1. Once label points are set 7 Å from the Cα along Cα→Cβ at both TRP28 and GLN41, what is their separation, rounded to one decimal in nm?
2. If I model a spin label at ARG62 and ASP74 as a point 7 Å from the Cα along the Cα→Cβ vector, what separation in nanometres do I get?
3. Could you compute how much accessible surface MET61 exposes when probed at 1.4 Å, giving the result in Å² to the nearest 10?
4. With the Cα gyration tensor of the range 1-79 giving a ≥ b ≥ c as the square roots of its eigenvalues, does the rule (a/c under 1.5 for rounded; else a/b larger than b/c for prolate; else oblate) give rounded, prolate or oblate?
5. Using 1/(1 + (r/R0)^6) with R0 = 35 angstrom and r between the beta carbons of LEU16 and TYR50, what's the FRET efficiency to the nearest 0.05?
Amino acid sequence: MISPILIPILGISCGLLAIFGGVVVRPWFAYKNRRMELDAQMIAEKSAQYAAHTDRLEQRMRVLERIVTDRGIDLADEIEMLRDERPLNATSLHGAKTSQETGS
């Protein structure tokens with residue numbers, strides 16, 4: 001059935017396989033485990049950065065919403081006043097240039 005020479009070969013093969021596992025496979029698993037830990041740490045840091053950035057954006061949005069809702073009517077009136085003043089200023093400046101040009 002089993003050849004008498006096959007038993008020592010199987011014994012040596014099992015020993016070599018155990019040595020190979022201890023020398024190559026175990027450090028490879030340790031490397032992969034450490035790599036996953038570092039990746040998880042980096043992802044956690046990125047997540048914290050994104051959360052902080054999102055908080056800052058939310059605060060800015062709250063300020064903008066407050067400006068729009070609290071001063072919406074006043075702001076619209078101020079914008080309209082500025083629009084009304086702009087053509088007058090442009091005309092007066094244009095008229096001043098024309099009088100200077102004709103006077104020179």
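1. Computed distance between label sites TRP28 and GLN41 equals 2.5 nm.
2. Placing both labels 7 Å along Cα→Cβ, they lie 2.1 nm apart.
3. Rounded to the nearest 10, the figure is 100 Å².
4. prolate
5. For LEU16 and TYR50, the calculated efficiency is 0.10.
The values are calculated or read from the model by the stated rules, or taken from the named source; none is laboratory data. Just so you know, these numbers come straight off a predicted model, no measurement behind them. Every residue, glycine as well, gets a Cβ built from its backbone with ideal geometry; the counts of neighbours run over all protein chains shown. Just so you know, the surface numbers come from the protein's heavy atoms only, side chains and all, with ligands and any DNA or RNA stripped out. Shrake-Rupley method; radii C 1.70, N 1.55, O 1.52, S 1.80 Å.
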